[in-house]
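Heads up: the structure comes next, in structure tokens.
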Amino acid sequence: MKVLETVVEHMDEPEVIQPHLVALGARHATVEGYHTEYFRFYSKCLLEVWEMELGEEFIAEVRDSWKYMIDYIVRCMIQGYDISLTNQLDIFMKGDNFITLEQT
């Protein structure tokens, strides 16, 4: 949940948050047996739990907004995971290779 909080605080500043998300994704690449589809499973489960907990307050606009944000997080983390597997993480972190919310 801390990741979500941080992303919301810096959603207009991808240069601040994206390196952290990429690094988090890269750390997942070090977990034996971890696959990128697990990021999507987590996202789906998170949205379903929020829907169950919030009930009718979890209207379509709220769901779509959170899905948009979570998709951004997952995209950055997958990018970090993939970059880590190619040993290019240091190179990436030194550049301006940021994904904006509009690119998701």
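Laid out as a table, the results:
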item	result
Within the stretch 63-84, tally of residues that are within 14 Å of LEU4 (Cβ to Cβ) and touching a helix residue (DSSP H, G or I) at 6+ places or on another chain (Cβ under 8 Å)	11
Helices (runs of 4 or more DSSP H) within the stretch 1-75 that include 3 or more residues farther than 29 Å from THR86 by Cα and open to solvent by 30 Å² or more (accessible area, probe 1.4 Å)	2-9, 37-54
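The values are calculated or read from the model by the stated rules, or taken from the named source; none is laboratory data. All values derive from a computational prediction rather than experimental measurement. Counting neighbours? That spans all protein chains shown, and the Cβs are built from the backbone with ideal geometry, glycine included. Calculation scope for accessible area: heavy atoms of the full protein, side chains included, ligands and nucleic acids excluded. Shrake-Rupley method; radii C 1.70, N 1.55, O 1.52, S 1.80 Å.
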